[in-house]
Amino acid sequence: MAAALKVGDRLPEATFWTQVPPKTVTTAELFAGKRAILFAVPGAFTPTCSKTHLPGYVADADKLKQRLGVTDIYCVATNDVFVMEAWAAAHNAAGKVTMLADPTGDFMHKIDLKVNLPPLGGDRYARFSMIVDNGVVEKLNVEPDGKGATCSLASSL
């Protein structure tokens with residue numbers, strides 16, 4: 001088992017699905033040479049993720065980019081790319097938050113930031129937010145129980 005990701009670690013290589021029609025993108029392509037936010041949710045369209053977590057990042061995207069000096073904001077979940085795109089559309093996230101689908105949980109297992117939620121199908125991303133600078137974790141906020149919504153919210157970065 002991998003050790004949980006921490007500040008100062010380089011993100012492991014992984015591939016995500018993004019946009020429709022689906023295409024793949026790697027961690028290297030997403031984070032090389034730039035500063036960005038990555039936050040994770042247990043599942044698209046789930047209550048806390050839809051009512052609190054994603055909306056905060058969509059509403060504050062421009063402020064976060066300016067205040068933190070980031071160029072991009074990414075949201076990752078273990079849903080498939082079609083669900084992630086529908087969720088983005090439902091929240092008017094286009095141009096503010098880019099959705100990353102990790103349907104097999106490959107990246108989630110590599111960074112060992114997961115929580116077991118049987119009602120959602122088992123292992124899901126623990127709720128977290130991070131700032132990544134050129135592929136290295138600069139700041140990391142992980143919810144203590146993996147599923148709460150306090151330190152991983154946009155307002156906490």
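The values are calculated or read from the model by the stated rules, or taken from the named source; none is laboratory data. Remember, predicted model here, so these are calculated numbers, not experimental data. Please note: Cβ atoms are built from the backbone with ideal geometry, for glycine as well, and neighbour counts cover all protein chains shown.
Would region 128-140 turn up any residue that is of a type outside the set (F, W, Y), in contact (Cβ under 8 Å) with a residue 40 or more places away in the chain and more than 15 Å from A36 (Cβ to Cβ)?
So the first thing to find is which residues in region 128-140 are of a type outside the set (F, W, Y), and the list is 129-140.
Retained after the next criterion (residues that are in contact (Cβ under 8 Å) with a residue 40 or more places away in the chain): 129-140.
Applying the additional criterion that residues be more than 15 Å from A36 (Cβ to Cβ) yields none.
No, the conditions are met nowhere in region 128-140.
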> When residues of region 73-110 are filtered for being in contact with a strand residue (DSSP E or B) (Cβ under 9 Å, 6 or more places away or on another chain) and not in a strand (DSSP E or B), how many remain?
Replying inline: 20
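Looking at S129, is it touching a Phe, Trp or Tyr at 6+ places or on another chain (Cβ under 9 Å) and more than 26 Å from P21 (Cβ to Cβ)?
Values: touching a Phe, Trp or Tyr at 6+ places or on another chain (Cβ under 9 Å): yes; more than 26 Å from P21 (Cβ to Cβ): yes.
Spelling it out, S129 is indeed touching a Phe, Trp or Tyr at 6+ places or on another chain (Cβ under 9 Å) and more than 26 Å from P21 (Cβ to Cβ).
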> Which residues, counting only those in region 127-150, are polar (S, T, N, Q) and under 17 Å from D72 (Cβ atoms)?
Replying inline: S129, N134
> In region 1-27, what residues are more than 15 Å from the chain's Cα centre (by Cα), of a type in the set (A, V, I, L, M, F, W, C) and surrounded by 13 or more Cβ atoms within 10 Å (Cβ to Cβ)?
Replying inline: A4, V20
>> So, T78, is that one free of Cβ contacts under 8 Å to residues at least 60 places away in the same chain, touching a Gly at 6+ places or on another chain (Cβ under 6 Å) and either among the hydrophobic types (A, V, I, L, M, F, W, C) or within 22 Å of P12 (Cα to Cα) (or both) or not?
In response: yes
>> I'd like the full set of residues that are farther than 20 Å from V7 by Cβ and in a loop (DSSP other than H, G, I, E, B), limited to region 111-144.
In response: G121
> Tally time: how many residues in region 20-61 are without any contact (Cβ under 8 Å) to a residue 12 or more places away in the chain and over 13 Å from T98 (Cβ atoms)?
Replying inline: 4
>> I'd like to check something: does region 2-15 contain any residue that is over 23 Å from N116 (Cβ atoms), in contact (Cβ under 8 Å) with a residue 24 or more places away in the chain and in a strand (DSSP E or B)?
In response: yes
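Residue by residue, here is whether (1) at pLDDT below 95; (2) surrounded by 15 or more Cβ atoms within 10 Å (Cβ to Cβ); (3) aromatic (F, W, Y); (4) at negative phi holds:
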position: P55; (1), (2), (3), (4): yes, yes, no, yes
position: G69; (1), (2), (3), (4): no, no, no, no
position: Y74; (1), (2), (3), (4): no, yes, yes, yes
position: L100; (1), (2), (3), (4): no, yes, no, yes
position: L113; (1), (2), (3), (4): yes, yes, no, yes
position: A126; (1), (2), (3), (4): yes, yes, no, yes
position: V136; (1), (2), (3), (4): no, no, no, yes
